[in-house]
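> Mind having a look at this structure? Questions to follow.
What follows draws every value from the coordinates through simple rules; no lab data is involved. Computed from a prediction, not measured in an experiment: that's the story for all the values here. No Cβ is skipped: glycine too gets one built from the backbone with ideal geometry, and neighbour counts run over all protein chains shown.
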Amino acid sequence: MGFEEIGHTADLSIRAWGSTLDELFVAAARGMFSLIGEAGPPISARTLELDAPDSEALLVDWLNELLYLSDRHEESYSGYDLRIDGGRCLSAEVRGGPLKRREARIKAATYHGLAIERENDSYTASVIFDT
Amino acid sequence: MAFNVSDLKRIDQYRYEIPAGYTENMRVPARLYADEDIMAEAAKDRSLEQLVNVAWLPGIVGFALAMPDVHEGYGFPIGGVAATDMTDGVISPGGVGYDINCGVRLLSSNVDADQVRPYLPRLMDAVAGAVPAGMGRGGDVRLRSGKLDDALEGGAQWAIQAGFGEAADGDRCEENGRIGRARAGAVSPRAKERGKDQLGTLGSGNHFLELDEVAEVYDAEAADAFGLSPGQLVLQIHSGSRGLGHQVCTDFVRSFQSVVQRERYQLPDRELVCAPIASEEGQDYLAAMSAAANFAWANRQIMTHLLRRAFENELLEKLLKLHLSVVYDVAHNVAKVERHQVAGRVRELCVHRKGATRAFPPGHEAVPAAYRRIGQPVLVPGDMGRASYVLRARQEAMDETFGSCCHGAGRALSRTAARNRVDARELRRDLGEQGVEVRAGSLKGLAEEAPVAYKDIHQVVDVVVGAGLAAKVARLRPIGVVKG
């Protein structure tokens, strides 16, 4: 499980990977918050319930939901308990704290060029963020 | 990723076309306004591939267009223009983007830059202190839900009536700072939640406040009409609809995914999701996006007010009696219902401008009366080191580009590449030596916005002027920049 930042002319982009879909989603969230900024000591827990027509839409929903929470509460998240059912339903508890220092303000995760690729026991996706 | 340059047909010095047959799903050809260098750069990333995808949009009319500041975006390229038919065409949130009505407002002053230069650091502190920027949260202007609805439907006009400005300000805005078809009820509670404390705030990324000197006037008559003269101090505000607009786009990109399935559209890219304009979903998006555009106009209007107040509070006021007037205010990211002549027939179209400005010619009724003889001011901000331009729109823009022109220099480097290449402290020192005083929310953000990250504004403007879309009125030289 991991992520890396990749170059994009206008915006920010990450590639994330994991050995399960759950891990991929956690890696993508970590990648996104590595761009936004680190959390202070975890003091808040927030729960999310999402469903989407497919796994790609679920990934975008997941990241945009986290962005909304982060924006609303000026928080960053570092702890993730997450469960995905059938690739289209997600329930999660995320833990985090106040942003220590904001590095970037991301407007949204986009669908551009988004595809979750599965090869043997590895899931990979690249996400472009509008900044 | 790269585009095959040999598939581009050169029409003349500043126009390239990609025929509709390039991919089987293109409904119209694509056209790029560029010189050889800009074309070659555009072919290196996904800009042209994205432009070809735009040509797929159901109901698209004429050409999928790209301006010379074109660069890779998501869905649409930045610098893209697409007009769709109001009866059988679609509207696409990706053709507007997340920062709905991100735009530029130019303010003129009654003093010369030389008069304020001795006080510049203090003036910059006053400017930076007046408008909450960058990483911070909301501003001083907090609204109850009812008032927010008024802002969403009233735009800059609402802000002026609420005491944030002067009556004449609204007349000098595209759409007079208010799109009438906005409906506050079409904006989600979540979007309103994100926006309610963000009026009068700059935001981060490429948003800025800039003090400039009018470095050169090319067209004395037009400059006089716009209230610009050589040596004058002017200000630019570059900002948009903040979290409210981002959420409106997120909401509709999400909800349109199912519309695409219902309509059985075969999308070349999911970020190009769209809905028939005539459908309930299409109308809801048009109403919500227009409301977000109004929010952005209210935002720039309130920032104008905050800047005026800062200048008044500053001791300088007593020495200089400084006053700021609105020259013009243009939207960069918006879709609007406009009437255009297509093949000899007037048609009602939905013109998507994603990183492009409206550019209506002399005589057009939407151009403020004071400028109608000259043509609409087209504001083209460049990077913080080089220059910005004030242009005036020409009839050719109406004939060829649905009354559209470029919106800036356009990025040349990714943020990552800019950060790797630029030392922000050195940049600030170098800019200082060039006479540009910088206030930045973060060093990282400053490095990402370095001049080297942008195309050469002079070259971009030469293309639109050479192609006849607009004419030069004045060039501005930055003297002070507040980056969000």
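> Once you order the gyration tensor axes a ≥ b ≥ c over the Cα atoms, which shape class does chain A get: rounded for a/c under 1.5, otherwise prolate or oblate by comparing a/b with b/c?
Note, shape of chain A comes out oblate.
> If you don't mind, there's one more thing I want to ask. Rounded to the nearest 0.05, what FRET efficiency do residue A:51 and residue B:216 give with R0 = 41 Å and r taken as the Cβ-Cβ distance? Could you check? Mind dumping the intermediate values first?
Values: r = 58 Å, r/R0 = 1.42.
Efficiency computed from Cβ-Cβ geometry: 0.10.
> Right, another one. Scan around residue B:112 for amide H atoms under 5 Å from its own, H built in the peptide plane at 1.01 Å from N, and keep only partners 5 or more places away or cross-chain.
B:233
> I would also like to ask the following. Label region B:367-484 by shape, choosing from rounded, prolate and oblate, from the square roots a ≥ b ≥ c of the eigenvalues of the Cα gyration tensor; if a/c is under 1.5 it is rounded, and otherwise prolate applies when a/b is larger than b/c, oblate when it is not.
prolate
> Just to confirm the filter: which chymotrypsin sites (Phe, Trp or Tyr not before Pro) across region B:176-260 are DSSP coil and have at most 16 other Cβ within 10 angstrom of their Cβ?
B:218
> OK, next. Is the shape of region A:16-55 best called rounded, prolate or oblate, per the rule: a/c under 1.5 gives rounded, else a/b larger than b/c gives prolate, else oblate, with a ≥ b ≥ c the square roots of the Cα gyration tensor eigenvalues?
Note, shape of region A:16-55 comes out oblate.
> Could you give the C-alpha radius of gyration of the protein assembly as shown expressed as a fraction of 2.2 N^0.38 Å, taking N as the number of residues it contains?
Here the Cα radius of gyration is 0.91 times the empirical estimate.
> Okay, next question. Taking the Cβ-Cβ separation of residue B:23 and residue B:459 as r and a Förster radius of 25 Å, what is the calculated FRET efficiency to the nearest 0.05?
Plugging the Cβ-Cβ distance into 1/(1 + (r/R0)^6) gives 0.30.
> Give the range of the longest stretch in chain B that excludes all GluC sites (Glu not before Pro) found in loop regions by DSSP and having at most 10 other beta-carbon atoms within 10 Å.
The reported range is B:25-364.
> I want to verify a result. In a Gaussian network model of chain A, Cα cutoff 10 Å, which of these has the top mean-square fluctuation: A:90, A:21, A:50?
Between A:90, A:21, A:50, it is A:50 that shows the largest mean-square fluctuation.
> Also: Can you compute the FRET efficiency between residue A:20 and residue A:44 using 1/(1 + (r/R0)^6), with r the Cβ-Cβ distance and R0 = 22 Å? Round to the nearest 0.05. Kindly include the intermediate steps, with their values, before the conclusion.
On the way: r = 26 Å, r/R0 = 1.19.
Using R0 = 22 Å, I get an efficiency of 0.25.
> Can you work out the PRE-style zone for residue B:5? Point 7 Å along Cα to Cβ, and I want the residues of region B:54-93 with backbone N under 20 Å.
B:66-72
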